[in-house]
Amino acid sequence: MNAKPQQVLEVKTPRPTFAFEQSLEATQDAVREALAYFIDQLSTLVLPQDDLETVELVLAETLNNIVEHAFADQTEPGFIRIRCVCQRGVLYLRITDFGKAMPGLMAPAGSTPAMPIGSDELPEGGFGWGLIRTLTDDVSYVRSGPMNALTLQIALNKG
Amino acid sequence: MKLSAKTEEPLQIVTVLENRIDAAVALDFKEAMRQLTENAPERVILDLSAVTFIDSSGLGAIVATMKFLAPARTLLLAGLTGPVDRVFRLTRMDSVFTLYPSLAAALKDQVGK
């Protein structure tokens, strides 16, 4: 009797997923350090400079907003947690904190501030969400009990 | 916030000596600029060639400086690196400021005016 030829199972190795987590104190100085660490972690992905700049700016604006708004009027700084996953050319950032909810339980639309003619009326702020919206491909915000969870998607290598 | 300044009437050149103008230093930057430019001549050139990162707080601090100087004095920006230039374009602030690719270009255009 001939032995049945052994069936060769081709096991497809799943594409490795790049993921890491980090957490930081909700202070402006900690944001600066966290960004440096974050960008350093991304170095294994060998991303184009443009993408690195986009990701750093988006994350900076997001974290600064949390420090300035979610944790405004707190005596002790809270914590922010970042989970970063890169899959099929998309960078997913999930950023959570236990600070105050976003007004209206919605992420701001981030329209670019209107440009007045006189320089004394020029806005000195309000650019943050405009930048986040422009530089990301998707934004979703959920308030879950005491927690804010913001998910951002950035498509990489768009050239 | 490390800045250096020199005045050659009617220009003052302020050079940023750090590579980030972010939320952590925006207030410092604004205050340092206010002090340095208190007796500034009519045109102030801010040399940003060392700066490789600016966020919306840093941008706000530059706008605040411009407003502090106005209306008698003008703030001109020189030496914007790629990422800094990008933030100005994305927020349309490139249409509000006069931007020069380098300090040399700014001086060439401004000296003798």
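Restricting the search to the stretch B:7-31, which residues are aliphatic (A, V, I, L, M) and either surrounded by fewer than 17 Cβ atoms within 10 Å (Cβ to Cβ) or over 28 Å from B:K108 (Cβ atoms) (or both)? Spell out the reasoning first.
Just the residues of the stretch B:7-31 that are aliphatic (A, V, I, L, M), to begin with: B:11, B:13-14, B:16-17, B:21, B:23-27.
If the condition is that a residue be aliphatic (A, V, I, L, M) and either surrounded by fewer than 17 Cβ atoms within 10 Å (Cβ to Cβ) or over 28 Å from B:K108 (Cβ atoms) (or both), then B:L17, B:A23, B:A24, B:V25, B:A26, B:L27 are the ones that fit.
Whether any residue in the stretch B:38-52 is within 10 Å of chain A (Cβ to nearest Cβ), aliphatic (A, V, I, L, M), under 30 Å from A:E56 (Cα atoms) and not in a strand (DSSP E or B) is what I want to check.
no
Here are some residues: B:L103, B:L59. Which one is within 14 Å of another protein chain (Cβ to nearest Cβ) and either crowded, with 16+ Cβ neighbours inside 10 Å or at pLDDT below 95 (or both)? Before the answer, list the steps.
Details: B:L103 fails: within 14 Å of another protein chain (Cβ to nearest Cβ).
Unique residue meeting the criteria: B:L59.
List pairs: first residue in the stretch B:32-50 and surrounded by fewer than 17 Cβ atoms within 10 Å (Cβ to Cβ), second residue not in a loop (DSSP other than H, G, I, E, B) anywhere in the structure, Cβ distance under 6 angstrom, at least six positions apart or on different chains.
B:R34/B:F68; B:P41/B:Q12; B:A50/B:V16
Can you confirm whether the stretch B:89-97 contains a residue that is of a type in the set (G, A, S), within 9 Å of chain A (Cβ to nearest Cβ) and under 26 Å from A:D51 (Cα atoms)?
Restricting attention to the stretch B:89-97, the residues satisfying the condition of being of a type in the set (G, A, S) are B:95.
Now drop any that are not within 9 Å of chain A (Cβ to nearest Cβ), which leaves B:95.
Still in the list and also under 26 Å from A:D51 (Cα atoms): B:95.
There is at least one residue in the stretch B:89-97 that is of a type in the set (G, A, S), within 9 Å of chain A (Cβ to nearest Cβ) and under 26 Å from A:D51 (Cα atoms).
Given the conditions (1) in a helix (DSSP H, G or I); (2) of a type outside the set (A, V, I, L, M); (3) surrounded by fewer than 15 Cβ atoms within 10 Å (Cβ to Cβ), report the number of the one that B:S4 does not fulfil.
(1)
Of the conditions (1) within 20 Å of B:P41 (Cβ to Cβ); (2) of a type outside the set (S, T, N, Q); (3) without any contact (Cβ under 8 Å) to a residue 60 or more places away in the chain; (4) surrounded by 18 or more Cβ atoms within 10 Å (Cβ to Cβ), B:R73 fails just one. Which one is it?
Of everything listed in (1) within 20 Å of B:P41 (Cβ to Cβ); (2) of a type outside the set (S, T, N, Q); (3) without any contact (Cβ under 8 Å) to a residue 60 or more places away in the chain; (4) surrounded by 18 or more Cβ atoms within 10 Å (Cβ to Cβ), B:R73 misses just condition (4).
Check off (1) part of a loop (DSSP other than H, G, I, E, B); (2) touching a Pro at 6+ places or on another chain (Cβ under 6 Å) for B:Q12 and give me the number that stays unchecked.
Of the numbered conditions (1) part of a loop (DSSP other than H, G, I, E, B); (2) touching a Pro at 6+ places or on another chain (Cβ under 6 Å), the odd one out for B:Q12 is (1).
When you go through (1) assigned to a helix (DSSP H, G or I); (2) within 14 Å of chain A (Cβ to nearest Cβ) one by one for B:L80, which number turns out not to apply?
Exception for B:L80: condition (1).
Pull up the stretch A:29-41, narrow it to residues that are surrounded by fewer than 19 Cβ atoms within 10 Å (Cβ to Cβ) and touching a Leu at 6+ places or on another chain (Cβ under 9 Å), then point me to the one that is farthest from the other protein chains (Cβ to nearest Cβ).
Ranking the qualifying residues of the stretch A:29-41, first place goes to A:Y37.
The values are calculated or read from the model by the stated rules, or taken from the named source; none is laboratory data. Keep in mind that what you see is a predicted model, and the values were worked out from it rather than measured. Note that we place each Cβ from the backbone using ideal geometry, even for glycine, and neighbour counts take in every protein chain shown.
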